[in-house]
Structures are given as structure tokens and as C-alpha cells.
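The values are calculated or read from the model by the stated rules, or taken from the named source; none is laboratory data. Small disclaimer: the values here were computed from a predicted structure and weren't measured. Here the Cβ is made from the backbone with ideal geometry for all residues, glycine too, and neighbour counts use every protein chain on show. All accessible areas refer to the heavy atoms of the entire protein, side chains included, with ligands and DNA or RNA removed. Shrake-Rupley method; radii C 1.70, N 1.55, O 1.52, S 1.80 Å.
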Amino acid sequence: MKTYEFSSETRSFLENIPIPLAVYQYVDDQIKPLLVSRAYRDLFGYDSCGEAVYSLNTDLYRNVHPDDIVRMEEYSYQFANRSGDYDIVFRNRREDQQEYHVIHGTGKYISVNGADIAFITYTDETDDAGDDSVVKAMLTTLSDRRSSSGSTEFSKHYDELTGLQNMSHFLGYSMTGIEKIWEKGEIPVILYFDLCDLKVYNSRFGFRAGDGQICKLAKLIRNYFGAENSSRFENDHFVVYAENQDIESRLHELFLQMKHEEGGENLAVKVGIFPFNNDGTRLTEACDRARMACGFIPKTRTSTFLWFDEGMVRKTSFKYYIMRNFEKALENGWIQVYYQPVIRTMTRTVCGGEALVRWMDPEYGRIAPGQFIPILEDTGQIYRLDLYVFEQVCRDHVRMERNGEEMSPISVNLSRKDFLHDDLPDAIDRISQKYGVPREFTNLEITESAFIRNVEKLGPFIRRFHQLGYNVWMDDFGSGYSSLGILKDYSFDELKLDMTFLENFNERSKKIITSIVRMAKELDISTLAEGVETEEQYQFLKKIGCEKMQGFYFFRPMPAGDLSVQLKNRGFSA
Ligand code: C2E
Ligand code: CA
Ligand code: CA
């Protein structure tokens, strides 16, 4: 997508607005600063607007406090994906000074001539920050949050929907209470509350009903922890400080009450807990840690809490590393496609291969797909990866064919998230066409777990792939609960038996494998056993008539360039 160009009048109007304003566009998974106002330049200590835009472009977070960067990235990412308004407090150093100021950024997306443009305004909330009355007056008029209430003094400190303190008030005034707990020799906890699935609830029952859920939770939080300890940070996120004593049982009680609040159909609640030691940790960091713990709670329908642990910081920064460096990894060739040969059981010859992605990182070393694929699935970047892998397979096909190497079909893994893209089969096919690779030389593997919650959606995809002339394989067959049901409803060309059957290779698993292979034969579907590691397993699979095999006993995944030598050395090709 192209970067949006403002007309010179609009640009000049925006630059001269007496409010610290930055305008961004989300292009190609990147947040691009388009312009900043002069008031922004002054607030953040730049010499010119151009210099500010330039330095945001080179490093969006260069002056943000290091402890706030991960949170900023996460917020910005969520905001870029439209999962809420932008409303964040962070510490930032002016370009020309050393000390950090507390900055409050709020913003919205506005559609401008078809492009989604984010307008973010900033206020300096540091206690002794200069009082620029013009800016304040403008903000009061502009911000609907502040102007919708008759009392701006109230809405400056309190949230209008729930009456709880707002984020900046909480951050500014809670330390006194927290210090009192420290003085008693106790360690307070910071609790970060989040309602589960509010978005889905809003779209089913409307925003008013959603607000009702927020108010119910707010009321319970106030009852359990007291108004002076509680705040609403934004949307459905609440932060509380409390004494540590009996915290788990108090939360259990609150969960129970939420469940039975009038109406009964209430949302579940997630809570992250951070023990706030008096060790120099700032309140904003403590809130971040609690929020981070909350973010680690998986999607749930029952209310739960989770205590913070240090490993979460490492995992979170790894996640952002992957997210941020994915495009760079593609460009720099850190992402590579390895191949694991597939063996035909009867003849013990190679009859194909599976493409498996690898990330060789200059900082982290070799990163396993199990580590980065779930992250790319979360961020939506997986589609780009899978198409890239498919394209690389086509490129390797063309190169190997040119070298006169023996060609066999390669299967490529698709993520369940790829099926969010309706044009997946056609996008794949365009790549095959571009390289002139015949369709029977690439198979598509869909993991069994892709069918969970997606059952009706996958049918059309499979039909379209078949229509175009591709083989579709079911990967990890037997790993879930719905294997047989899926087999009943969809036509697959091949089943890949989940590796766990061979991992626990005993009489029981042998019986299961035998009956799966027999059943597949009756359905005219061929079978491939993954994870073959011993001669004994190989002999068994041969005996029961499983057609193909893949595993370390034969080959480990390897770069395309090693294939022909390895096959030759090991006597698998002429
Ligand atoms: P998978 O599709 O089930 O791939 C098979 C995994 O088993 C591979 O792990 C392979 O290296 C490993 N394996 C093969 N033979 C043996 C064996 O004999 N013993 C043992 N213990 N393991 C064996 P890998 O490469 O780490 O990939 C893990 C998973 O990551 C894959 O599981 C697949 O779900 C996913 N993945 C890999 N590449 C891609 C990709 O390009 N796109 C997507 N969406 N997922 C991918
Ligand atoms: Ca696979
Ligand atoms: Ca598999």
C-alpha cells in the first residue's frame, strides 16, 4: 500500500494546530509517521517537524523509556489492528534532555479518502509540566471523553462510565497508599483486570450491553478493593492495588459474584497479579508487569488469575523481536526452507518431501518453528510466511529441475490462520503459475487442529484446492478429538499419522496405527507415518502396509542444496 499524501493545505493546517499531534499510517505491517504538529515538535524537543518525523521513522521508540517500549509496541500493534482506541501513558525523554516525562497519548483512526489514518495527541502529565492553557482548552473541546461530561474537573480524574479513577489519576495518587502497605512490612499486589471476549459480546449484544458488563465488573472491583485503590485504565481494563493477604480467595469470590451478577450471562474475567516490592520498581512498571501476566492467560471462559514471573518479560520481548524482525528476516535470508525426504515403505526409496521452515537468527541463533510460528499466527504474519515458503519451494523446484535432479512432490504446511484469507487457494495457485510448477508437485498439509472451531469454513477451501488440481493432506491425524468426524466430512488425499503414535510405541499404539491404516485404505486415502526413528518401527509399518514414512531414521530436514548429495551418499538415488 502507498503512503498517504496530505494536500499542502491540510498538511499546513495540521502542522499548525496548537496541540501536540502525530499522524500515522499503518502500511505493510509497519507504523509510518506521516507528520507531526509544531506543538509536538516543542513538546518532544525537536528542532523541526521534519527532524521529528525522520527520527520517528528511523526508530519509533528512540526516546521512550526502555521499560515502556514493549508495552508501547503491543498497544500500537493492537491499535493498528483496530482492537481499540489508543490510550497510553508512557515515559519519554525529550530529544534535548535526559530526564523522562510522563506522556499521555490518546488517539483514533479516521478514514481519510479511503486510507485509515491514526491521529494521536499527546499531553505531558508530569506533575510540574508547563501549563499551556491554550493546549488544555483545545484538548478539552476536542476530546469527546472530556467534553461529554459537564464537569471537566471530574472527568480529568475519573472515568465517566464507572466512576472509578482513570489511569493518570491512579498513577499519580496511588503511591501514598502503596507506601503505607510497605511501611507495615507487607508487599502489596497490583492487579490487572481484563474482561474476556468483550468485543464478541459487543458485536452480539451491542455496546450498551457491553458497557453493562464493564460496569458490573467495576462495581465488584470497587466493593472488593475500595474506590481509592481501583481504576479503569481503558476499555475493559482495570488496575487495582491491594494488600496481598488472601488475595487469591478474594479473587475467587469476586469471580463467583461476577458469574452470578443479575442476569447471570456475564463475561469471564482474567487477572494478572504482580507483587509490588519496594525495590525501586516504578508504579507504571508494576502495572505493566501485572498486565503482562494477564496477557499470558490463554483464552478462557472461566475466570482465572495468573501471577507474574520473570520468564514473561523474556517471552514478551522475544515475541516482539519476532514480530518486528520478521520482514527483515525474510529480506536477509534468515528464514530458510529445509526439506525432509519422504520414503516409500515398499521400495525404501524417496518419493517426496516436506518443506519445513527454519529461522537462523543473528541474535538468537536457530529458532525452532514451534517458537516463532505461534507468534506469527497471533500477529497475522503467518500468511505471508506460508506463501513465502510455498514460493521458495517453487523456486527450488525450478532450480533443481534445471540441474537435472530427480523431481518429486513437496508438501507445504498451512496454518489454521491462513484460512482467514479467502483467496488462499488462488494465491497459492498464482505462485505455482508464476514459476510454472505443475500442481501435482506441491501438496498442501492442513493440520487436524485447524478444524477446531473452523469446521464449516474449511470445506470450500479443500474443494477449491481439489478443483485447481492440488492434493490436500491431513497433518497430525489422531492428535485431537475430532479426527474421525473430519474424515467423515472432508475428502483428503493422504493422512499423516501424528508422531505421538510412534513416540509411545507399544502394543496399544500398534493396534491403533494398524486400524487407522486399514480404515484409510478402505476410504482410499493413503497413509504416511511421521517420526520414524527405528528399524523396528519401519518393519512394523511395512508389515501393516502404511505406504509412506518420514523420520530421523531416514533423514533429518536439510537445506535444498544438501538434498542431492545426501540422497546419493545414502544410496537413495542413482
Ligand atoms: P509438522 O508439520 O508435524 O512437521 C514435522 C516435524 O517433526 C518437524 O519439526 C520435523 O523436523 C519433525 N520430525 C521429523 N522427523 C522426526 C523424527 O523422526 N522424530 C522427531 N522427534 N521429530 C521429527 P519442525 O521442523 O520443528 O516443525 C515443527 C512444526 O512447525 C511442524 O510440525 C509444523 O506444524 C510447523 N511448521 C514447520 N514449517 C512450517 C511452515 O512453513 N508453515 C507452517 N504454517 N507451519 C510450519
Ligand atoms: Ca506437516
Ligand atoms: Ca505432522
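Assorted remarks:
- Considering the stretch 222-257, and only residues there that are within 28 Å of the chain's Cα centre (by Cα) and part of a loop (DSSP other than H, G, I, E, B), the residue that is modelled with the highest pLDDT turns out to be ASP236.
- Yes/no for LYS510 being under 30 Å from LEU541 (Cα atoms), without any contact (Cβ under 8 Å) to a residue 24 or more places away in the chain and in the same structural domain as TYR383 (by TED's automatic domain parsing): no
Residues are listed down the side, and each one gets a yes or a no for (1) of a type in the set (D, E, K, R); (2) without any contact (Cβ under 8 Å) to a residue 12 or more places away in the chain; (3) within 16 Å of ligand 2 (Cβ to nearest atom); (4) open to solvent by less than 10 Å² (accessible area, probe 1.4 Å):
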| residue | (1), (2), (3), (4) |
| --- | --- |
| ILE343 | no, no, yes, yes |
| VAL350 | no, no, no, no |
| GLU363 | yes, no, no, no |
| HIS397 | no, no, no, no |
| SER411 | no, no, yes, yes |
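- Between GLY404, GLY370, the distinction of being open to solvent by 10 Å² or more (accessible area, probe 1.4 Å) and either assigned to a strand (DSSP E or B) or within 16 Å of ligand 3 (Cβ to nearest atom) (or both) belongs to GLY370 only.
- Filtering ILE221, ILE187 for residues that are in the same structural domain as TYR158 (by TED's automatic domain parsing) and open to solvent by less than 30 Å² (accessible area, probe 1.4 Å) leaves a single hit, ILE221.
- Residue in the stretch 464-473 that is more than 30 Å from LEU567 (Cβ to Cβ), surrounded by 13 or more Cβ atoms within 10 Å (Cβ to Cβ) and away from ligand 1 (no atom under 13 Å from the Cβ) present: yes
- Reported count of residues in the stretch 525-546, each being open to solvent by 30 Å² or more (accessible area, probe 1.4 Å) and within 16 Å of ligand 3 (Cβ to nearest atom), is 1.
- Extreme residue, modelled with the lowest pLDDT, among residues of the stretch 446-496 that are β-branched (Val, Ile, Thr) and not in a helix (DSSP H, G or I): ILE452
- Evaluating SER515 against the criteria (1) part of a helix (DSSP H, G or I); (2) in contact with a Leu (Cβ under 9 Å, 6 or more places away or on another chain); (3) hydroxyl-bearing (Ser, Thr, Tyr) leaves one unmet condition, (2).
- Scan of the stretch 323-341 for residues that are open to solvent by 20 Å² or more (accessible area, probe 1.4 Å) and away from ligand 3 (no atom under 15 Å from the Cβ), ordered by number: MET323, ARG324, GLU327, LYS328, GLU331, ASN332, GLY333, TRP334, GLN336
Yes/no per residue for (1) under 24 Å from GLN381 (Cα atoms); (2) free of Cβ contacts under 8 Å to residues at least 40 places away in the same chain; (3) in contact with a Gly (Cβ under 8 Å, 6 or more places away or on another chain):
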residue	(1), (2), (3)
ARG41	no, yes, no
PHE44	no, no, no
ASN63	no, yes, no
PHE79	yes, yes, yes
ARG91	no, no, no
THR106	no, yes, no
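- Test: residue in the stretch 258-270 that is outside any helix (DSSP H, G or I), farther than 30 Å from ASP211 by Cα and more than 16 Å from ligand 3 (Cβ to nearest atom): no
- Picking from residues in the stretch 148-172 that are part of a loop (DSSP other than H, G, I, E, B) and open to solvent by 60 Å² or more (accessible area, probe 1.4 Å), the one that is modelled with the highest pLDDT is LEU161.
- PHE505 falls short on exactly one of the conditions (1) within 16 Å of ligand 2 (Cβ to nearest atom); (2) over 25 Å from the mean Cα position of the chain (by Cα); (3) under 26 Å from LYS543 (Cα atoms); (4) not in a helix (DSSP H, G or I), and that condition is (1).
- Identity of the residue in the stretch 296-318, assigned to a helix (DSSP H, G or I) and open to solvent by less than 60 Å² (accessible area, probe 1.4 Å), that ends up farthest from TYR241 (Cα to Cα): PHE318
- LEU420 vs. criteria at negative phi and surrounded by fewer than 19 Cβ atoms within 10 Å (Cβ to Cβ): yes
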